[in-house]
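Visitor: Below is the structure I would like to discuss, written out as structure tokens.
The values are calculated or read from the model by the stated rules, or taken from the named source; none is laboratory data. Computed from a predicted model, the values in this text were never measured in an experiment. Here the Cβ positions follow ideal geometry from the backbone for every residue, glycine too, while neighbour counts run over all protein chains shown.
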Amino acid sequence: MERICVYCGSNLGRRPSYLATAQALGQELAARHLTLVYGGGNVGLMGAIADATLAAGGEAIGVIPQALVDKEVAHRGLSDLRVVNSMHDRKALMAELSDAFIALPGGLGTLEELCEVATWTQLGFHQKAVGLLNVEGFYDGLLGFLEGAIAEQFIRPEHRRILISATQPGDLLDQLAQAKLPTVAKWIGRGEE
């Protein structure tokens with residue numbers, strides 16, 4: 001792993017631990033000489049992780065659509081800021097640049113990005129690990145949903161291993177580096193199994 005894509009909120013959230021964990025992850029990325037790839041903003045947890053990575057001597061690549069640059073939310077102090085045409089272009093380039101993915105707390109955009117790259121791993125479009133930094137149980141509901149979807153046979157048990165969860169940045173990075181992603185020849189069921 002050389003580059004880690006981090007999805008996270010453009011707000012700081014209610015709990016101080018969200019900000020503290022974003023900063024700790026940024027510091028940990030820099031300490032491990034891992035480049036941060038993220039949405040290119042200077043606000044919320046996005047700005048906090050970029051600032052922490054850069055302050056610790058790391059590199060940060062931001063990918064942001066022109067429409068958000070026009071709203072003055074682009075981080076101008078990054079190692080590399082790439083401006084793209086659309087949100088679709090942003091997600092595709094972030095995925096292309098990255099070796100693994102982490103979701104910090106965030107809203108709908110974070111969830112959408114997380115689910116997309118996890119699905120791409122499930123479908124075999126890429127073999128990249130996906131992690132949740134489950135700060136104070138933020139993702140407990142999502143993890144419960146996945147277990148329910150397995151019980152209801154919408155997700156194969158093997159595919160549950162795609163989404164790695166930890167509460168501390170260092171632990172999650174260790175698990176992502178050692179991830180053994182499932183390869184399932186037949187993942188679509190027709191009800192006859």
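Visitor: Being farther than 21 Å from Thr21 by Cα and either β-branched (Val, Ile, Thr) or in a loop (DSSP other than H, G, I, E, B) (or both) is the filter here, so list the residues in the range 118-151 that pass it.
Guide: Once the filter is applied, which keeps residues that are farther than 21 Å from Thr21 by Cα and either β-branched (Val, Ile, Thr) or in a loop (DSSP other than H, G, I, E, B) (or both), the range 118-151 yields Thr119, Thr121, Gly124, Phe125, His126, Gln127, Lys128, Ile150.
Visitor: Mind counting the residues in the range 53-82 that are in contact (Cβ under 8 Å) with a residue 40 or more places away in the chain, within 15 Å of Val37 (Cα to Cα) and out of contact with any Asp or Glu (no Cβ under 6 Å at 6 or more places or on another chain)?
Guide: Of the residues in that region, 2 qualify.
Visitor: Looking at Gln153, Gln122, Gln168, which is the one that is surrounded by 12 or more Cβ atoms within 10 Å (Cβ to Cβ) and more than 28 Å from Ala24 (Cα to Cα)?
Guide: When all the criteria are applied, what remains is Gln122.
Visitor: Could you list all residues from the range 90-133 that are in contact with a Pro (Cβ under 9 Å, 6 or more places away or on another chain) and either without any contact (Cβ under 8 Å) to a residue 12 or more places away in the chain or within 17 Å of Ile49 (Cβ to Cβ) (or both)?
Guide: Within the range 90-133, Arg90, Ile102, Leu133 meet the criteria.
Visitor: Sticking with this one: Which residues, taken from the range 1-30, are out of contact with any Ser or Thr (no Cβ under 7 Å at 6 or more places or on another chain) and among the β-branched types (Val, Ile, Thr)?
Guide: Hits for the range 1-30 are Val6, Thr21.
Visitor: Go through the range 75-117 and report how many residues are of a type in the set (Asp, Glu) and in a strand (DSSP E or B).
Guide: 1
Visitor: Could you check how many residues of the range 122-158 are over 26 Å from Met1 (Cβ atoms) and among the hydrophobic types (A, V, I, L, M, F, W, C)?
Guide: Selection size over the range 122-158: 5.
Visitor: For the range 9-59, which positions are at positive phi and crowded, with 17+ Cβ neighbours inside 10 Å?
Guide: Within the range 9-59, Gly13, Gly40, Gly44 qualify.
Visitor: Follow-up question, since we're still on this one. Please state which one of Val63, Val37, Val84 is in contact with a Lys or Arg (Cβ under 8 Å, 6 or more places away or on another chain), farther than 25 Å from Leu176 by Cα, modelled with pLDDT of 95 or more and β-branched (Val, Ile, Thr).
Guide: Step by step, each of Val63, Val37, Val84 is checked, and only Val84 is in contact with a Lys or Arg (Cβ under 8 Å, 6 or more places away or on another chain), farther than 25 Å from Leu176 by Cα, modelled with pLDDT of 95 or more and β-branched (Val, Ile, Thr).
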